[in-house]
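Presented below is the structure to which this report refers.
The values are calculated or read from the model by the stated rules, or taken from the named source; none is laboratory data. These numbers come from a predicted model, not from an experiment. Virtual Cβ from ideal backbone geometry, glycine too; neighbours counted across all protein chains shown.
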């Protein structure tokens, strides 16, 4: 099976006030940590979308092994990044695993569980102990739908539309933190410090 990983990292960080892709985390820019995790997943193809602060992001992030897709319409929400990236998905791909660039603590083991559980299905989500979260699985059957998404919550609307069965991959632990606000970033740092001390 040919699996494409897609890391969404094109946001303009409007609520944060500075490029969240470049925030320090574990001694590196936040997006660097996420991409390093994505490389360990063993995807057959790894795409990453950029948009906000793209010049700085290209200058400071290690994109080795990644195909970078620039989304000039990044202010239209994450669905615009998905649409932009779908044109770069390898024609051999059986499915896309969707990851968030500001969610660095997803593990390769979680990704492997999702792919193993959802392969062959049109849609899959990761079911943590406190609810559904990323990464998501999109099978070949819905690639056309991904091109037609609009807005910031369109992916969730597709999952909840009832048009396709949704496979849930159960994993241990809470939904990993992502970063939209300064408070989110502080909480991510605090959780990392606590894990290090533990």
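Can you report the number of residues in region 38-47 which are surrounded by fewer than 19 Cβ atoms within 10 Å (Cβ to Cβ) and either in contact with a strand residue (DSSP E or B) (Cβ under 9 Å, 6 or more places away or on another chain) or under 12 Å from residue 98 (Cα atoms) (or both)?
Residues in region 38-47 being surrounded by fewer than 19 Cβ atoms within 10 Å (Cβ to Cβ) and either in contact with a strand residue (DSSP E or B) (Cβ under 9 Å, 6 or more places away or on another chain) or under 12 Å from residue 98 (Cα atoms) (or both): 4 in total.
What is the residue count in region 157-175 for residues that are part of a helix (DSSP H, G or I) and surrounded by fewer than 13 Cβ atoms within 10 Å (Cβ to Cβ)?
If we filter region 157-175 for residues that are part of a helix (DSSP H, G or I), which is where we start, we get 157-159.
So of that shortlist, the ones also surrounded by fewer than 13 Cβ atoms within 10 Å (Cβ to Cβ) come out as 157.
Within region 157-175, residues that are part of a helix (DSSP H, G or I) and surrounded by fewer than 13 Cβ atoms within 10 Å (Cβ to Cβ) number 1.
If you scan region 1-31, which residues turn out to be surrounded by fewer than 20 Cβ atoms within 10 Å (Cβ to Cβ) and closer than 30 Å to residue 90 by Cα?
Matches in region 1-31: 1, 2, 12, 13, 22, 28.
Kindly evaluate residue 54 against the criterion of being surrounded by fewer than 23 Cβ atoms within 10 Å (Cβ to Cβ), at pLDDT below 95 and more than 25 Å from residue 158 (Cβ to Cβ).
Considered against the rule, which asks whether it is surrounded by fewer than 23 Cβ atoms within 10 Å (Cβ to Cβ), at pLDDT below 95 and more than 25 Å from residue 158 (Cβ to Cβ), residue 54 comes out as yes.
Kindly indicate the residue of region 86-108 that is out of contact with any strand residue (DSSP E or B) (no Cβ under 7 Å at 6 or more places or on another chain) and in contact (Cβ under 8 Å) with a residue 60 or more places away in the chain and also surrounded by the most Cβ atoms within 10 Å (Cβ to Cβ) among those meeting that condition. Write out each step before concluding.
At the first step, the residues of region 86-108 found to be out of contact with any strand residue (DSSP E or B) (no Cβ under 7 Å at 6 or more places or on another chain) are 86-87, 91-92, 102, 105, 107-108.
Okay, now just the ones that are also in contact (Cβ under 8 Å) with a residue 60 or more places away in the chain, so 86, 92, 102, 105, 107-108.
Working: 86: 21, 92: 10, 102: 24, 105: 19, 107: 14, 108: 14.
Among those residues, the one meeting the criterion is 102.
Determine which single condition residue 143 fails, assuming it passes every other condition in (1) surrounded by 14 or more Cβ atoms within 10 Å (Cβ to Cβ); (2) in a loop (DSSP other than H, G, I, E, B).
(2)
Being free of Cβ contacts under 8 Å to residues at least 40 places away in the same chain and more than 24 Å from residue 23 (Cα to Cα) narrows it down to one residue among 124, 131, 162; which is it?
162
Name the residues in region 159-183 that are over 18 Å from residue 119 (Cα atoms) and within 17 Å of the chain's Cα centre (by Cα), would you?
Answer for region 159-183, where residues must be over 18 Å from residue 119 (Cα atoms) and within 17 Å of the chain's Cα centre (by Cα): 174, 175, 176, 177, 178, 179, 180.
Restricting attention to region 119-133, report how many residues are surrounded by 19 or more Cβ atoms within 10 Å (Cβ to Cβ) and either touching a helix residue (DSSP H, G or I) at 6+ places or on another chain (Cβ under 7 Å) or closer than 20 Å to residue 2 by Cα (or both).
Residues in region 119-133 being surrounded by 19 or more Cβ atoms within 10 Å (Cβ to Cβ) and either touching a helix residue (DSSP H, G or I) at 6+ places or on another chain (Cβ under 7 Å) or closer than 20 Å to residue 2 by Cα (or both): 5 in total.
Determine whether residue 83 is closer than 21 Å to residue 135 by Cα and more than 15 Å from the chain's Cα centre (by Cα). Full working, then the answer.
Numbers: closer than 21 Å to residue 135 by Cα: yes; more than 15 Å from the chain's Cα centre (by Cα): no.
So residue 83 does not fit the description; no.
Go over the candidates 178, 152 one by one and state the one that is in contact (Cβ under 8 Å) with a residue 60 or more places away in the chain, surrounded by fewer than 14 Cβ atoms within 10 Å (Cβ to Cβ) and in a loop (DSSP other than H, G, I, E, B).
Criteria check complete, one pass: 152.
Looking at this structure, is residue 43 out of contact with any helix residue (DSSP H, G or I) (no Cβ under 7 Å at 6 or more places or on another chain), free of Cβ contacts under 8 Å to residues at least 60 places away in the same chain and more than 17 Å from residue 152 (Cβ to Cβ)?
Working: out of contact with any helix residue (DSSP H, G or I) (no Cβ under 7 Å at 6 or more places or on another chain): yes; free of Cβ contacts under 8 Å to residues at least 60 places away in the same chain: yes; more than 17 Å from residue 152 (Cβ to Cβ): yes.
Yes.
Identify the single condition in (1) surrounded by fewer than 21 Cβ atoms within 10 Å (Cβ to Cβ); (2) over 14 Å from the mean Cα position of the chain (by Cα) that residue 74 does not satisfy, given that it satisfies every other one.
All conditions pass for residue 74, except number (1).
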